[in-house]
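For reference, the structure is listed below as structure tokens.
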Amino acid sequence: MVNDSISSLVNKQRDFFQSGKTRDIDFRIQQLKRLAAVIEENEADILQALHFDLGKSELEGYMTEVGFVKSELNFMIKNLPRWARPQKVKTPLVYFGAKSYIYSDPLGLVLIIGPWNYPFQLIIAPLIGAIAGGNCAVLKPSEIAPSVSGVVKKMMTENFPEEYIAVVEGGVPECSALLENRFDHIFYTGGPVVGRIIMEAASKHLTPVTLELGGKSPCIVDYNIDFNYAARRIAWGKFLNAGQTCVAPDYLMVHKQIKDKFLDCLKEAVNEFYGPDPMKSRDYSRIINDKHFERLQGLLNNGNIVCGGETRGEDRYIAPTIIDNISPTDPVMQEEIFGPILPVLEYEDLDEVICFINKRPKPLALYFFSRDYKKQEKVLRETTSGGVSINDTLSHMTTPYLPFGGIGESGMGKYHGEASFNTFVHKKSVLKNTFWFDLKVKYPPYTVSLQRIKKLMKFM
Ligand code: NAD
């Protein structure tokens, strides 16, 4: 039954796409404006649903989800006419008179599969790219954040025809049924295990994929820093959304010389943000479900807890926790933490840190705190990661001028700003020739000498 209704939805979307309506740039801009208006109208419901699913405060929900998406929309509406225009490029002299262009063609039908941690932002931000690219879209929000999934379903169903944008709610059976169908692009955000399932399913139809995955993002702290700024920026990036952020600093590597002083500053920052009892803070989120709560509790058993460590099952509360004296072989260092637990390792030599990072899967984000420009460049040149913030956390992913995505185990493909547009179009190469003259030497039977061809091909 699920399979039949999904196939019929996909067929309807295919027909709508074939009608050519979505190709029109004015249509796309109208739809982006419509989406902005719909978000505005439903803002209170979205923020409430985020609070219900994740205990997100209104301000955090706005800052990291609704407000983020609104900025992306404005940026896209402003720039789309320019990005969508065929782009003229140079033509080699041998094609004298001809002109070359890159056209940005819509892909067709795109499937967007979202995770639960930023359940609104991570389903709507890719949708902005899909609309801008002139596509139809099926959204599959995460069933693990059911309130947000319900609000997304309601607001899209009431405002967009399903042959253009549809929302399919549900979990693995619904997602698997969707994957049986042929889409022209699949945009998936979630963990690498399911990422592999998505890629395998996509390969049956040769459908290209964007995989926005996660992993362990390291945060290196040198001795040459502003202690208070660094501590606040790290505590904020780690404990935002109770650590359930794909680009959160996963673990700290702090220079031995300053470790104790820096940990004191970190504790102070946590206290400043959430007060002496973070359980009572309105600004501190909860863990999404019991499964993740239990998994995270199991990671509290090694090292010395220098801050936090308290848990409460009823509302899935885990205090912002910093654990010192962690060894690379401890369980907390074996998987992406994805919760409010910050293990700390110490180092003496930056080369050792680089070697440690390079021996592990390529992270989604890497953070380095140091005033030393040479060291900054060394870390940038000798490591690979999806993105980097120097002397900050998360900031590189919040600007529309920087493409966002992972590499290797942390994903493939990019979005945000112009990268979102480019992800959802096909860059079609076009050469327009004239009938002014015809270069006969290229036709058989070949009469011209190899020497002359070699000379001619220098003009290519
Ligand atoms: P998940 O992999 O469990 O689920 C993501 C989506 O896949 C959901 O919509 C779910 O319904 C679907 N799904 C789950 N199992 C499936 C299956 N067997 N077959 C088909 N579909 C299936 O991911 P999650 O737990 O929701 O998200 C957490 C992970 O996502 C973390 O690793 C985090 O780092 C990563 N993440 C990455 C980004 C990013 O932008 N790179 C953002 C947020 C989260």
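Residues checked against (1) under 29 Å from Leu296 (Cβ atoms); (2) out of contact with any strand residue (DSSP E or B) (no Cβ under 6 Å at 6 or more places or on another chain); (3) not hydrophobic (A, V, I, L, M, F, W, C):
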{"residue": "Pro343", "(1), (2), (3)": "yes, no, yes"}
{"residue": "Pro361", "(1), (2), (3)": "yes, yes, yes"}
{"residue": "Leu364", "(1), (2), (3)": "yes, yes, no"}
{"residue": "Tyr367", "(1), (2), (3)": "yes, no, yes"}
{"residue": "Gln376", "(1), (2), (3)": "no, no, yes"}
{"residue": "Leu380", "(1), (2), (3)": "no, yes, no"}
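Residues of the stretch 404-418 being open to solvent by 20 Å² or more (accessible area, probe 1.4 Å) and either away from the ligand (no atom under 12 Å from the Cβ) or not in a loop (DSSP other than H, G, I, E, B) (or both), which ones?
Hits for the stretch 404-418 are Gly408, Glu409, Met412, Glu418.
Glu58: within 16 Å of the ligand (Cβ to nearest atom) and either farther than 30 Å from Tyr317 by Cα or charged (D, E, K, R) (or both), yes or no?
Considered against the rule, which asks whether it is within 16 Å of the ligand (Cβ to nearest atom) and either farther than 30 Å from Tyr317 by Cα or charged (D, E, K, R) (or both), Glu58 comes out as no.
How about the stretch 161-175: which of its residues are away from the ligand (no atom under 11 Å from the Cβ) and open to solvent by 50 Å² or more (accessible area, probe 1.4 Å)?
Pro161, Glu162, Glu163
Go through the stretch 273-299 and give me each residue that's outside any loop (DSSP other than H, G, I, E, B) and over 28 Å from the mean Cα position of the chain (by Cα).
Within the stretch 273-299, Pro278, Met279, Lys280 meet the criteria.
Out of Pro340, Pro320, I need the residue that is in contact (Cβ under 8 Å) with a residue 60 or more places away in the chain and under 28 Å from Pro403 (Cα atoms). Which one?
Matching residue, one of Pro340, Pro320: Pro340.
List the pairs whose first member sits in the stretch 170-199 and is assigned by TED's automatic domain parsing to the domain that holds Asn117 and assigned to a strand (DSSP E or B), whose second member is of a type in the set (D, E, K, R) and within 6 Å of the ligand (Cβ to nearest atom), and whose Cβ atoms are under 8 Å apart, counting only residues at least 6 apart or on separate chains?
If the second residue must be of a type in the set (D, E, K, R) and within 6 Å of the ligand (Cβ to nearest atom), the pairs left are Phe187/Glu212; Tyr188/Glu212; Thr189/Glu212.
Please go through the stretch 321-338 and pick out each residue that is crowded, with 22+ Cβ neighbours inside 10 Å and in a strand (DSSP E or B).
Of everything in the stretch 321-338, those that are crowded, with 22+ Cβ neighbours inside 10 Å and in a strand (DSSP E or B) turn out to be Thr321, Ile322, Ile323.
Scan Ile144, Ile112 and give me the residue that is within 14 Å of the ligand (Cβ to nearest atom), open to solvent by less than 10 Å² (accessible area, probe 1.4 Å) and more than 17 Å from Asp26 (Cβ to Cβ).
None of the others qualify; the one that does is Ile112.
Got a sec? Which of Ala248, Ala269, Ala230 is closer than 30 Å to Lys374 by Cα, in a loop (DSSP other than H, G, I, E, B) and either assigned by TED's automatic domain parsing to the domain that holds Asp392 or small (Gly, Ala, Ser) (or both)?
One residue alone meets the criteria, Ala248.
Test of understanding: among Ile318, Ile341, Ile305, which residue is under 24 Å from Lys280 (Cα atoms), among the aliphatic types (A, V, I, L, M), surrounded by 14 or more Cβ atoms within 10 Å (Cβ to Cβ) and over 30 Å from the mean Cα position of the chain (by Cα)?
Ile305
Report, ordered by the first and then the second residue, all pairs with beta carbons closer than 6 Å, sequence separation of six or more or different chains, a first member in the stretch 46-62 that is touching a residue at least 12 places away in the same chain (Cβ under 8 Å), and a second member that is open to solvent by 10 Å² or more (accessible area, probe 1.4 Å) and assigned to a helix (DSSP H, G or I).
Ile46/Val151; Leu47/Glu58; Ala49/Ser147; Ala49/Val151; Phe52/Ser147; Asp53/Ser147; Gly61/Leu47
Would you check if Ile453 is in contact with a Gly (Cβ under 6 Å, 6 or more places away or on another chain), aliphatic (A, V, I, L, M) and surrounded by 11 or more Cβ atoms within 10 Å (Cβ to Cβ)?
For Ile453, the condition - in contact with a Gly (Cβ under 6 Å, 6 or more places away or on another chain), aliphatic (A, V, I, L, M) and surrounded by 11 or more Cβ atoms within 10 Å (Cβ to Cβ) - is not met.
Based on this model, can you work out whether Phe262 counts as under 19 Å from Asn224 (Cβ atoms), open to solvent by less than 30 Å² (accessible area, probe 1.4 Å), assigned to a strand (DSSP E or B) and touching a residue at least 12 places away in the same chain (Cβ under 8 Å)?
Here the answer is no, as Phe262 does not meet what is asked.
Go through the stretch 147-160 residue by residue and tally those that are in contact with an Asp or Glu (Cβ under 7 Å, 6 or more places away or on another chain) and crowded, with 19+ Cβ neighbours inside 10 Å.
Count: 3.
How many residues are farther than 28 Å from Ile197 by Cα and either among the hydroxyl-bearing types (Ser, Thr, Tyr) or surrounded by 17 or more Cβ atoms within 10 Å (Cβ to Cβ) (or both) when one looks only at the stretch 361-374?
5
What residue, among those in the stretch 176-192 that are farther than 20 Å from Phe424 by Cβ and either more than 8 Å from the ligand (Cβ to nearest atom) or in contact with a strand residue (DSSP E or B) (Cβ under 9 Å, 6 or more places away or on another chain) (or both), is least open to solvent (accessible area, probe 1.4 Å)?
Per the criteria, the residue is Ala177.
The values are calculated or read from the model by the stated rules, or taken from the named source; none is laboratory data. Predicted model only: the values in this text are computed from it and were never measured. Glycine gets a Cβ as well: all are built from the backbone with ideal geometry, and neighbour counts include every protein chain shown. Surface areas here come from the heavy atoms of the whole protein model, side chains and all, with no ligands, DNA or RNA. Shrake-Rupley method; radii C 1.70, N 1.55, O 1.52, S 1.80 Å.
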